[in-house]
1. Using the basic label-point model (7 angstrom from Cα toward the beta carbon), what is the residue 440 to residue 563 distance in nanometres?
2. Considering only Cα-Cα distances, which of the following residue pairs are longer than 29 Å: 268/449; 121/240; 268/294; 240/294?
3. How far is it, in nm, from the label point at residue 490 to the one at residue 384 when both lie 7 Å from their Cα along the line to the Cβ?
4. When the Kirkwood radius is taken over all Cα pairs of region 498-626, what Stokes-Einstein diffusion coefficient follows at 10 °C and 1.306 mPa s, in µm²/s?
5. With no solvent and one equal point scatterer per Cα, compute the Debye intensity ratio I(q)/I(0) for region 60-165 at 0.21 Å⁻¹ and report its log10, rounded to two decimals.
6. Among 576-582, 256-262, 500-506, 483-489, how do they line up by average Cβ neighbours within 10 Å per residue, starting with the highest?
7. Name the long-range amide H neighbours of residue 584: under 5 Å, sequence gap of 5 or more, or other chain; modelled H, no Pro or chain starts.
8. What ratio of Cα Rg to 2.2 N^0.38 Å holds for region 42-475?
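Since every read-out is calculated from the coordinates, none of them should be taken as a lab result. Model, not experiment: these values are computed from the prediction. All Cβ positions, even for glycine, are placed from backbone atoms using ideal geometry, and neighbour counts span all protein chains on display.
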Amino acid sequence: MPGLGVMADADTDTAHADRPRTPAAGGGWGRIADRRARPRGESHRLTALGGLAALSLDALSSVAYGPEAIVLALVAAGSAAIRYTVPVSIAIATLLLVLVVSYRQVIAVFPDGGGAYAVAKHLLSRPVGLLAAASLVVDYVLTVAVSLAAGAASLGSVFPAVGRHLLLTALLGLVALTVLNLIGIAESARALMTPALLFVVSVVAVIAVGLTRSHPVAVIGSDISGFPATEALGAVLLLKAFASGCSALTGVEAIANGVPAFRTPRVKRAQHTEVALGVLLGVMLLGLATLIRKHDVAPRGGVTILAQLSAAAFGTGWPFYVSNLAVTIVLGLAANTSFGGLPVLMSLLARDHRLPHVFALRAERPVFRFGVAALAVLAALVLWVVGADTHRLLPVFAIGVFIGFTVSQTGLVRHWWQDRGPGWPGKLLLNGVGAAMTAVAGAVLFAAKFTEGAWLLLVIVPGLILLFDRIERYYHRIATQLRVGEVPPKPCLDADTTTVVIVPVVGVSRLSALALTAAMRMGQEIIPVAVEIEPRLTHRLARDWKVWDPGPPLTVLPSPHRSWIDPLVGFVCKHTTPDREVIVLLPRIEPRRQRHRVLHNQRVPVIAAALRARTDAIVATIVVRVD
């Protein structure tokens, strides 16, 4: 449905979001681009390092709770079962490898972003595309809420005063991130590079130092006496541990969703960023799992598994506090992944007429500001509902992303089957195995967490699918009524039709003179009108008008209720006939300073809205700029 209201994007990489491009086309961009002739707005886009900071913090920071989730699942079979943390982590790292390779392929085939949604849209069916979009929206919103809630809780464990105001702390963090992203994605990436680097260095240092020590330097937290076996150690428990630990994979898809945010060559930069994310995440995940097994780290009261590993490596001196503070900061900033990915996804949905077209508009920076604002509002609502309690969010946190994983892998299986290019059997097998693994992990996690809140997905996801469907059907109906796509007859001027321009005035001024001058150029009959709100002021206006004598006489409309709306609407309706086209020209003052605009034009928007809703007149405005 082209031309229905979505404004064309100025950037060539996103102007044709409906048309997938081949890897060869994307790969050649870097050879053509010249840094000295970089397109306008290119400096505000992401480098590979900036993309790692802006779009990967969710995935990188997940090592703070992914290994702990594995331990908490295994400990149900007793303390001895913790030794299986390493095999389970190896299985998760294997899935991570499959996902990284898969999303490199997604980036190459769909350089306009969208991730699972783009794959489902082009390679699978419409319902699957709506399912992928709904699951990604849920995952992005929950990523912001979980990250900020976890960051607030971590900070509260160090500063008790903060712990008493977790919701306020999380909301303040949300406001800061929102402002940062409204400024521009590249600026936010630069701001995030330092804490991201500090986090990675801290975790790697914990692993490196911890592996060289034969015994822990310090033990922190309160002892939890014994872990009685409540479940038998078997395939089901190992699957639960695998599914719980897969929470460490959330955010892996964000780079594929945010490809348009990268500098040219976008495909190459995004692929390199995806590989860097996979390497860092895999090393940290396996390293921490090895430390857990080496030191037999079990859950303790009041501390996290990662904090215990930090104390084992550094003791409780200043390196311990630095590393844990870095974890706290990055957990809060991990929400920035969603700010980089969801607005792009929403813009693609808007281009497909499945969300309001306003989400396809972006600023000069470029920033999808309406998408950023919508994400902030939804995340704030979720935080408020759960009181910034991380444990109430975790049951539904990772499930949505597994839907996206499975959809993207399945779509690529179909792509390789249809394309049958070089090496297609191996690629098909890789994506087929990946789809099976993510489907099993998602199903196990959903079943295990169903009574803890995962059942809400049975309401939220279908609700979003229904919303997308209704909006798309509405736009299709409007396109049919407007005959979009058909060649209309050539416009012609009807000689028998008179154009009447009605100009509301409140005084004799330069504003009135400019409005009347413009009206005389627009129509044959000009009718200046005033509404009698205050008889004394109306009498003065009539006297000044007579002295001025601009040509058209002033028509004064009585208003018993001292309102502009009803007299003006009635006057316009009276003059609207089949042989008369009515234009209402509203003068408007435009101050150059933003803070002064609230002092003017309070009446103009109200009058314009009433005229558009209750008359068939054309409503236009003329702007006079003032200092």
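1. My value for the distance between the label points is 6.8 nm.
2. As for pairs spanning more than 29 Å Cα to Cα, those are 268/449; 121/240; 268/294.
3. In this crude spin-label approximation the distance works out to 5.7 nm.
4. Answer, rounded: 105 µm²/s.
5. Once normalised to I(0) and log-transformed, intensities are -1.12.
6. With the highest mean Cβ count within 10 Å placed first, the list reads 256-262, 500-506, 576-582, 483-489.
7. Amide H neighbours of residue 584, under 5 Å, 5+ apart: 502, 618, 619, 620.
8. 0.93
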